[in-house]
Structure formats: structure tokens, C-alpha cells
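Reading through the C-alpha cells given below for one structure.
Please treat every number below as a calculation from the coordinates, not as lab data. It should be emphasised that the depicted structure is a prediction, and the values quoted were computed from it without experimental measurement. Here Cβ is always computed from backbone atoms with ideal geometry, including for glycine, and neighbour counts include all displayed protein chains.
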């Protein structure tokens, strides 16, 4: 019996234990898992913001650190990529460019059958309308947004020279990500320091987070 593909579209910025649990669940159900960390591109260059600090290459390394580089059941794909101006993709479903993005994602799938995964009800509706066949699933605790805020809080605390709560903050985010991801984040700590006190140049449009740069 031919295996079925499972599509997982996500920010993964950073990869958390909740994300890893979802991927592990799909693997246990014998899916070939296609992971698409979203990218926002302007003139072929990835745009990062306080909400999206880690570029695709770093997030790919996070996934590989958790599941290995040569796992035949995991495919990490760069094709969930929005090209500036991002306003072209809105509103979803109505914009022809948003359907082009769907086709861009599906061109990687080798299997005849596929499903997609989300634990978010609104996302499930959108995936259904885009005919991406979402599985029914519950939202898992442990968001990447929470981890990012802890990272920024640690960087600011370090900058201010306060050590009383530093270890508590560090333990708080480290217990929310896979062990290998801890090492990757620490190797890229300059990224966290750069964004910790910076404004967040990110828009929220129709429930989507999109960089301001390149939006129009």
C-alpha cells in the first residue's frame, strides 16, 4: 500500500517541542511528512523581523537537529515562499496568486494521496477551502511566540546586567524546545540580541503575520 503524504505548513520560528510532537505524531501514523517553514522574499532575499527572527536555513537546521539529516520520511521544503509584494496574496482564496502558492507547495509531493495538518480551527477551514484535506487535530500547547518572548526577555535581562531571574528565564524557554534546538539558538544568539529591543516590523492582516517590508 502506497504511503500518504502529510503537509505541515508552519512558521517554526523557532521549532518547539509542540512542533516536534506534531511531526512525530505524523511519522508514527506512517505518513511521509513534508515540512514547509514559511519564507517571505523580496528580490530573492528572505525578510526577517522580530516575529520571524530565524531565517529558513536556521529553521531547517533545527528540524534536522531534532529528526536527523537523513530521515527518509521527512522532506523539508522551501516552497512555502511568498514573493513581494505580499499584498498580492490577499485576500486568500480570491487572489489567484494565493492559488499559485498552493500549486507551488503541491509540486513537491511525490505521493498520489496527501493530507495536511493544523490544530487551529481557522487554519483548518482555510486549508479545506484550498482543497489541502486537513486532518482533524487539537491545538498543542507551547507556542513559538511564547518561546521568542522568553528569548528576548533573557537578552534584555543580560543587557541590563540583572542576574537574579536570568537562570529562571533560560530554563523556561529551554524546556519548551528540543535539545538540539537549544544549541542552535545559542549559536545564533546575536540574532536574538539584535531583535530584543527592536520594534516589530510585522503586520497582522486577516489573521496572518506578514512583514511590513515588501508588503506593497
Subject >> For the chain, built as a Gaussian network whose Cα springs stay under 10 Å, the top-fluctuating residue of 72, 155, 196 >> reply: 72
Subject >> Projected label distance in nm at residue 160 and residue 197, using a 7 Å step from Cα toward the beta-carbon >> reply: 1.2
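Quick one: work out the % antiparallel among DSSP beta bridges in the chain, nearest 5. Display every interim value, and only then the final one.
Details: 6 of 22 bridges.
Bridges in the chain are about 25 percent antiparallel.
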Original post:
Would you list 113, 213 from fewest to most Cβ contacts within 10 Å?
Top reply: 113, 213
Original post:
Could you work out the helix-only [θ] at 222 nm for the chain, with each DSSP H run of four or more residues adding -39,500 (n - 2.57) and the total divided by the number of residues, to the nearest 500 deg cm²/dmol?
Top reply: -12000 deg cm²/dmol
Subject >> Relative exposure of 1, 208, 62, judged by other C-beta atoms within 10 Å (fewest first) >> reply: 1, 208, 62
Subject >> Long-range Cα-Cα pairs in the stretch 144-198 (distance over 18 Å), rounded percent >> reply: 24
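Once you have a ≥ b ≥ c as the square roots of the Cα gyration tensor eigenvalues for the stretch 5-129, tell me rounded if a/c is under 1.5, and otherwise prolate or oblate according to whether a/b is larger than b/c. The partial results should precede the final answer.
Working: a/c = 1.67, a/b = 1.22, b/c = 1.38.
Oblate, since a/c reaches 1.5 and b/c is not below a/b.
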Original post:
Assuming R0 = 35 Å, what is the FRET efficiency of residue 115 and residue 95, from their Cβ-Cβ distance, to the nearest 0.05?
Top reply: 0.90
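Over the Cα atoms of the chain, compute the convex hull volume and normalise it per residue, giving Å³. Mind showing how you got there, number by number?
Working: hull volume 26.6 nm³, N = 216.
It is 123 Å³ per residue.
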Subject >> Top of 35, 184, 23 by mean-square fluctuation, Gaussian network on the chain, Cα under 10 Å >> reply: 184
**OP:** Taking the chain as the reference, fit the longest principal axis to its C-alpha atoms, fit the long axis of helix 96-106 to the helix C-alpha atoms, and give the angle between the two in degrees, 0 to 90, nearest 10.
**Re:** 90
Original post:
Using 7 Å Cα-to-Cβ label points, what is the residue 70/residue 174 separation (nm, one decimal)?
Top reply: 3.1
**OP:** Work out how much length residue 189 to residue 145 would gain on full extension: take 0.36 nm times their residue separation and subtract the Cα-Cα distance, in nm to one decimal.
**Re:** 14.2 nm
Original post:
Under a point spin-label approximation (7 Å from Cα along Cα-to-Cβ), what is the residue 41-residue 137 distance to one decimal in nm?
Top reply: 2.5
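What is the order of 111, 160, fewest Cβ neighbours within 10 Å to most? Could the numbers behind the result be given before it?
On the way: 111 13, 160 8.
Taking fewest neighbouring Cβ atoms as first place, the list is 160, 111.
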